[in-house]
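The structure appears below as structure tokens.
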Amino acid sequence: MFRIAKKDELPKWKGFLVRVASILFGIVLACVVIAILGYDPFATFSALLGGAFGSKSALINTITIAIPLAITAVGLAVAFRMKFWNIGGEGQIIMGCVCATFVSHNMPASTPGIILIILMGIAGFFGGAVWALIPGIFRVYSRTNETLFTLMMNYIALCFVQYLHYVLWRDPAAFGFPKIKPIQTQAHLPVWGGIHIGWIIAIALAAAVFFIIRKTKLGFEIRVVGESAPTANYAGMNVKKVMLTGVIISGGIVGLAGMVKLCGNVFTLSPSITGNAGFTAIIIAWLSNLSAPVIMIVSVLIAALEQGSQVIQIKLQVPSAVASIIQGLILMSTLGAEFFMRYRIIKVKKNPADASGDAAVPPDLCACSTADPASAETAAAEKKGDA
Amino acid sequence: MDLNFIISTFIASAIAYSVSLLLGTLGELLTERAGHLNLGVEGMMLMGASCGYVTAVRTQSLALTILAAILGSGCGALLYAILTVSLRANQNVTGLALTTFGAGLANTLGSTAANTNTPDTITAFFSWHPFELRNVTNPVLNFINTAFLSHDIFVYLSVLLAVLLMIFMFKTKEGLALRMVGENPAAADAAGLRVTRIKYMYIVIGGMLCGLGGLYIPLVLQRTWHADITAGKGWIVVALVIFVRWHPIKAIGGAFIFGALSIIGLTIQQFPQLSSMVFFNQYIMVMYPYILTIIVLIITYSRKKAWRGPSAIGSAYFREER
């Protein structure tokens, strides 16, 4: 029989190793699924990597995809630290873009680019922050479930931007084609070496969030509220205020991600502007263990999957949706691996004295906990093989 | 145009549209009653839809199609159950992972059946309307006939399923066990219920129902396959379960309201004086179900005594941590 008990916290390097091993295990699983679906997993992966990093233009594309993902993930991670499950990234990105577009459409064409960009940035932050603050207020004052609330806000934002796209802001100059007028050209972010400067914004935001979380009073409070709200309350912190501040920062940064995407490479607000970034960023934030610097790296890798998937579609006729299979499996495998970082499984000898207690352990619980360490070990072995 | 005709055909198409929502809602409702919020509905619906549809195109057999849909979505739900029940992973993130994975799998698998149509044998089965009246002249009967009686057997079975589920949940011992696990797993465990087994069972059954709901979309409604064919219905389902407050009978009405509001924009375009008003614009009207859900959510949580859904939802049960 087996018993499960809490483990002491793993040393950092060990936790990191388990994480890397689980990602590799996820990739192995993905290879198996790809093979079952009838495609060559090795050719797929090498084409994927080649498509994402193989040439200068591929690399530029990958980084361009990564920028809004990274900013969104940095923003969401702030909320996740407080155990505020902000899954409303999609809606916050959209509202950030809507507000930024509104500013661009209503400023005179003579506005200098830098001023317009700053104003649009403020508007983007404002749009995302408001969209996150509404569920935040209800969460704080009447404990309304924020997971479901933020999810609904996504759809309201999407419906709203469809309304803008097809009706209210429809550009009459587009010959009946439903399209919103592009933003003013001086608001386009400057391009250096083929990449717009959004990557500098992303790194600056990640550094700022890293600093706030680690070095400031607010960051400390955010972490404590996330660990245990009653403790924070007991320590004399104003939990409501901390949470609302955190939510505003989180939503605002996500809104800013939308503005960066808008001014960086899309230039036109449309219902498909998020490209699922709000959901993908949750995956990124989780894979990075909510750490802002790690988010920078992971978002480039996830962006590489998305960019590479376009190439495998063209080169190998492998559907680009394979990238989602890989993403999903990697995430599931890291989610499962966390169990082995937090708990240990103890082998218990059958003892007649406590047999009655053990017999009541549901059999499938045992079955799973016995089956999966083996797979984690194979993943670890895989890792060694690679090294 | 005859107003009676417009309204009755609108009701009929709203019912047809809401079948997949109803089946998905019943599935997610079972899952949530067992204490697990599965945000992977969209993924499971897509897995059921793609596995089923591809099987339909290849074998032309309805039985195998349904079996494949159930197995495909059941596997997705099983993955979710292993991660959240046994490995205690975060339910929100696991659900999202399932949606990502399911969508990827469905779009990859489905691309092998691109540019095909539902086989005639299966279409023929679904064009059989068991309760449809013939040669009706009475306008009232005619209205009822078009709106409510001209549907395939799947529609009536899904309504019947909702009724059976209500009886199961509130009148049987097993139903009580299910609700107890969702409300207080520690107490259920102490009472001798096999919490893990019950959770696994209903998460998987719930996933299978979602898969059946997904299957209806390519097989009957659209009769073809294209990428992301469920078009966000899985997310509507998550909203619906809250909207109907975890009750199977209310799910029938809830699914109909959401279905009707999703397609009413097209009908309203036949009345230009209405559709030119902002609040009746088709893009604004699709927003209403979500606003309604938020209002229900707020009311549910602001009333002190109101039941807020299964209370153990979202947290993993760990018997050693009692």
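Only the coordinates and a few stated rules stand behind these numbers; no lab work does. As the structure is a computational prediction, the values presented were derived from the model and not from experiment. Glycine gets a Cβ as well: all are built from the backbone with ideal geometry, and neighbour counts include every protein chain shown.
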Which residue, B:Cys210, B:Cys75, B:Cys51, has the most motion in a Gaussian network model of chain B that connects Cα atoms within less than 10 Å?
-> B:Cys75
By Cβ neighbour count within 10 Å, fewest first, A:Cys31, A:Cys99 rank A:Cys31, A:Cys99
So for B:Tyr290, A:Tyr141, B:Tyr317, B:Tyr53, fewest C-beta neighbours within 10 Å to most, what's the order?
-> A:Tyr141, B:Tyr317, B:Tyr290, B:Tyr53
Taking a 22 Å limit on the Cα-Cα distance, which of the listed pairs A:Lys12/A:Lys217; A:Lys217/A:Lys241; A:Lys56/A:Lys179; A:Lys179/A:Lys261; B:Lys173/B:Lys199 fall beyond it?
-> A:Lys12/A:Lys217; A:Lys56/A:Lys179
Semi-axes a, b, c in Å (a largest) for chain A, each sqrt of 5 times a Cα gyration tensor eigenvalue, come to 40, 28, 18
Per principal axis, largest first, the Cα atoms of segment A:104-207 extend in Å by 47, 43, 25
With label points set 7 Å from each Cα along the Cα-to-Cβ direction at B:Ser61 and B:Lys173, the distance between them in nm comes to 3.8 nm
PRE zone check, label point 7 Å out along Cα-to-Cβ of A:Lys217, amide N under 17 Å, scope segment A:234-269, hits A:234-246
Remind me, what semi-axes does segment B:28-163 give for its equivalent ellipsoid, largest first in whole Å, using sqrt of 5 times each Cα gyration tensor eigenvalue?
-> 34, 21, 11
With a cut-off of at most 14 other beta carbons within 10 Å, and DSSP calling the residue loop, which trypsin sites (Lys or Arg not before Pro) in segment B:134-185 qualify? Please list them.
-> B:Arg134
Based on DSSP H runs of at least 4 residues, each adding -39500 (n - 2.57), what is the mean residue ellipticity at 222 nm of chain B after dividing by all its residues, to the nearest 500 deg cm²/dmol?
-> -22000 deg cm²/dmol
Kindly give Rg over Rh for the protein assembly as shown, based on alpha-carbon atoms, with the Kirkwood expression for the hydrodynamic radius.
-> 0.96
Cα-based Rg/(2.2 N^0.38 Å) for segment A:197-356, rounded to two decimals, is 1.39
Along each of the three principal axes of the Cα atoms of segment B:170-322, give the extent in whole Å, ordering the values from largest to smallest.
-> 62, 42, 29
On average, how many beta carbons from a partner chain sit within 10 Å of the beta carbon of a residue in B:75-84?
-> 3
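Please state the charge dipole magnitude for chain A, taken about the Cα centre, from unit charges on C-beta atoms (+1 on K and R, -1 on D and E), reported in debye and rounded to the nearest 20.
780 debye
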